Every structure is written in structure tokens, then in C-alpha cells.
Amino acid sequence: MTKPQVKTAKAASQRRHAGILPSQAIETLIADGAVKLAEPLLENQLQPASLDLRLGTIAYRVRASFLPGCREKVASKLDDLQLHAISLSQGAVLETGCVYVAPLLESLALPDDLSAATNPKSSTGRLDVFTRVIADGVSAFDQIPAGYSGPLFAEICPQTFPVVVRKGSRLSQIRFRSGGGAADVVDDVALSVDLTGDKTGLVGFRAKRHTGLVDVDAVGSYPMLDYWEPIHVRDKKRLVLDPDQFYILASKEAVHVPPTQAAEMVPFNPLVGEFRVHYAGFFDPGFGHASAGGEGAKAVLEVRSHKVPFILEDGQTIGRLIYERLTEAPKLVYGRDLASHYQAQGLKLSKHFK
């Protein structure tokens, strides 16, 4: 009897086109051991073109953010920089203004033609939790070079709200790009800010200081007004951003991402102002697209001004949306196949608030 052939990551790589890998290709990476899981994959952990990353059992409070050198391991840096270790088995509070590093339950053994990039999940960015992924010997945040083999770690720094996390909490997601790491860009679209708002003039929310905790795994649990101040802009349709305050605003344009593409917002562009407009920035295939049950969805902007007050005007360009091809049509599509909290969204806070 002829034995069935077993697909390997190397063999699969020979057939890959350049672009972002869809969900079924990520499943193959897991089956082939290119993505290693310390615990079984959860039912809703796989997204149309990305994989949610889960916190492990421990987090380390460190003195400052860091990157390992080109030959250094993150664990050795933690031995030098950690202040104390925190068990996440039963949940733990991460305080604002503090930096934590947590090993993730996912690790990698990538083939030579496959790189990866990470970003905060949408709900993480809308909580103003600054989260980046670091890897052994990689001198850049959120970038995993082709051929990388080793563990992954999440750096976590809550900026506005103290948060509760636990083993398995998902703050970041990872996507995989074939073709040597070069993006296969389909389109590049400018986005502007909406300061007209709804019929009441509501254009956004400003985060309150000194609030209660937010459990990152609790959906619809917190009264909005306990954490956010609604912002109404009237005649002049402008907003002064106060330095180091956190705002949730929305784009004037409705975003449509075809099921065969993915999109990413450039998070900070000094040419349009000294402020950041997006932490998460990744839009899955089908986001806002009619064939996936959407009629367009506004890009929610997580805005923080740097150093000086800055005036935003209605319709002002605040960023760019970069569209990339997928290597093939995804098995899962945002909105059509997933219970997507942000499909067809307008101005919207994270899923944690009532």
C-alpha cells in the first residue's frame, strides 16, 4: 500500500504566491509545525487572515521597554530587567504606565520564504493598551523575519485604564506574508477624520482618567459613561487634541475590504501631524464589504496627540489605508462567517462597554 504523502511547510512554500496568507493556509502552518501551539487552538482563535495570540501563564514587570540585540534572547534580557513576576493563571491587574512582558502560548518555526507581522487586536487598541510583540534576536517590534524559529513575547503597557488579563487573553494577532516580506500592494487610500458626527453632533469620546478596572475578556460589562466623556463638536467642526489624552474618533470614509484582500492603516505619519491615529490598524478580508454582510464600515481612530495641543479639522487627512492581496481566497470572511463585533460599524467603542 502506498503511504499518503504528508504536506510539509517546505513543500507548501514552493506553491505559495506572494501575499498575505488566508485562514486555511494558517491552519496548514499549524499542522506542519511552522506555528507551534502550547495549548490546542481555540474555536474562534483563527481569523480570516490572521491568528490571535494568547498570553501564557506569567508576566514580568520590567523597568522599561526593550528590544533584544541581534544575537540576544528575550529571556536573558528579562533576567536582567525584570522587577517581579506575576502569575496570570487566576488573572492579574496590569497597572497604567507600567511595562510588562509575557511569553505567548504560540511560537514559530517559519520557512525561509515566510515572514510575519503582528499588531494589537481592535479591542486592545480601543482600550489604549499599548501592545507589541518581540522575538529573540529581532531588533524591531511587531516584525518577525522569514525563517524565524523561536518563542514570541508580548510587551504590554496600559496607557489609560488598568486592565485585568489572564492566561489565554488575546491582545495581539499575527499575520503571515509570503514572497520574501515585500508587500503586494493593491491600493493606497487616504482617510480623513469625521468631525461632523451624527444628528446630535457626537463625533467621538475622550477617555476619563482614574477609572475602575477593565477585564479584557469581559464583553458588554462596563457602563460607558464611567470610562468615557462624549465629545460633541458644533459650528466650527474642529477638535483640539490635548497632549497625552486618548480619543476615539471615526473616519469620514466607509472602508470596504474585498474578501481577497486585507488592509492596514499606517499608524503614525508625521507629515499629517504629531499624533497617532491607530494602534490596531489591520482590516480583515470582508471588513465592511457588501458580499460579507456589510455596507461599508468606518475606520475607528485611536488618537493620541504628542507633546503639544493639535487642532483637527473636519475632513482633515489623518492616515492612509494600504490594501494587499491574499495568496488565495480565504475560507473565513469577516462578517459572513464570524460573529464580527465591528462589521458595518460607525463610531464605536470597544466591545467591553455597554
Fill in the blank from the handout: Restricting region 205-261 to residues that are within 21 Å of the chain's Cα centre (by Cα) and of a type in the set (Gly, Ala, Ser), the one surrounded by the fewest Cβ atoms within 10 Å (Cβ to Cβ) turns out to be Gly220
Problem - Residue check for Gly33: surrounded by 12 or more Cβ atoms within 10 Å (Cβ to Cβ), on the phi > 0 side of the Ramachandran plot and assigned by TED's automatic domain parsing to the domain that holds Ser172 - result: yes
Fill in the blank from the handout: Residues in region 111-150 that are surrounded by fewer than 24 Cβ atoms within 10 Å (Cβ to Cβ), farther than 24 Å from Asp244 by Cα and among the hydroxyl-bearing types (Ser, Thr, Tyr) total 4
Practice task
Please determine, by comparing only the residues of region 322-345 that are of a type outside the set (D, E, K, R) and at pLDDT 90 or above, which one is surrounded by the fewest Cβ atoms within 10 Å (Cβ to Cβ).
Solution key: Ala329
Practice task
Among the residues of region 270-314, write down those that are at pLDDT 85 or above, within 25 Å of Arg177 (Cα to Cα), touching a strand residue (DSSP E or B) at 6+ places or on another chain (Cβ under 9 Å) and not hydrophobic (A, V, I, L, M, F, W, C).
Solution key: Asp284, Pro285
Fill in the blank from the handout: By my count, strands (runs of 3 or more DSSP E) wholly in region 38-128 with at least 1 residues that are in contact with a Gly (Cβ under 8 Å, 6 or more places away or on another chain) and modelled with pLDDT under 95 are 114-120
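The values are calculated or read from the model by the stated rules, or taken from the named source; none is laboratory data. Quick caveat, the model's predicted, so the values are computed rather than measured. Positions of Cβ are backbone-derived with ideal geometry, glycine not excepted, and every protein chain shown enters the neighbour counts.
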